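See structure below.
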Amino acid sequence: MDCLFCRIIAGEIPAKIIYQDEKVIALDDINPQAPCHKLIIPRNHIATLNDLSPIDHGLIGHMAQTAQKIAGELGIAEHGYRVVMNCNAGAGQTVFHIHLHLLGGRQMTWPPG
Ligand code: AMP
Ligand code: ZN
């Protein structure tokens, strides 16, 4: 298994896990780009958004609801936060196991880089 996030999910690599359930885990990003930077990661290995199949439909909703829940718990929901999923290298994806970035705790700018 050479996937970093699969190895974290398997407990082979340590991570600061802040939430987990039967479908996803959420953890602190190791290189935070905002005061709050969490990653919401499905337990199933799906390399990119391009590899999502119709049976994964409910998974993305669950990931979004997990982001909503964590943002509320961290107190960033009212001010605002951003969720991002990079797809492939041209969008900046570096770990090829899909994940939702949850960023907040500062003013976000647009457009993203
Ligand atoms: P992306 O570039 O969209 O694929 O995002 C991958 C994210 O994973 C980056 O924000 C990295 O900082 C983060 N990351 C890489 N290695 C680890 C790790 N061991 N634990 C937590 N986050 C990580
Ligand atoms: Zn994986």
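Return yes when H62 is in contact with a Lys or Arg (Cβ under 6 Å, 6 or more places away or on another chain) and not aliphatic (A, V, I, L, M) and no when it is not. Yes, satisfied. Here the range 24-47 is the region considered, the condition is being touching a residue at least 24 places away in the same chain (Cβ under 8 Å) and within 11 Å of ligand 2 (Cβ to nearest atom), and the residue that is nearest to V95 (Cα to Cα) is A47.
The criterion of being outside any helix (DSSP H, G or I) and either surrounded by 15 or more Cβ atoms within 10 Å (Cβ to Cβ) or among the hydrophobic types (A, V, I, L, M, F, W, C) (or both) holds for I46. When the range 68-113 is filtered for residues that are open to solvent by 60 Å² or more (accessible area, probe 1.4 Å), within 11 Å of ligand 1 (Cβ to nearest atom) and outside any helix (DSSP H, G or I), the ones remaining, listed by number, are N88, T94, F96. Take the residues of the range 1-51 that are near ligand 1 (Cβ under 8 Å from one of its atoms) and β-branched (V, I, T): which is farthest from Q65 (Cα to Cα)? So the residue we want is I13.
Each residue in the range 6-36 was checked for being buried (at least 18 other Cβ atoms within 10 Å of the Cβ) and not aliphatic (A, V, I, L, M), and 1 pass. Scanning the range 1-22 for residues that are without any contact (Cβ under 8 Å) to a residue 24 or more places away in the chain and hydrophobic (A, V, I, L, M, F, W, C) gives M1, A10, I13, A15, I17.
The values are calculated or read from the model by the stated rules, or taken from the named source; none is laboratory data. Bear in mind that the values here come from a model prediction, so they are computed numbers and not experimental data. No Cβ is skipped: glycine too gets one built from the backbone with ideal geometry, and neighbour counts run over all protein chains shown. These accessible areas exclude ligands, DNA and RNA; they are computed on the full protein's heavy atoms, side chains included. Shrake-Rupley method; radii C 1.70, N 1.55, O 1.52, S 1.80 Å.
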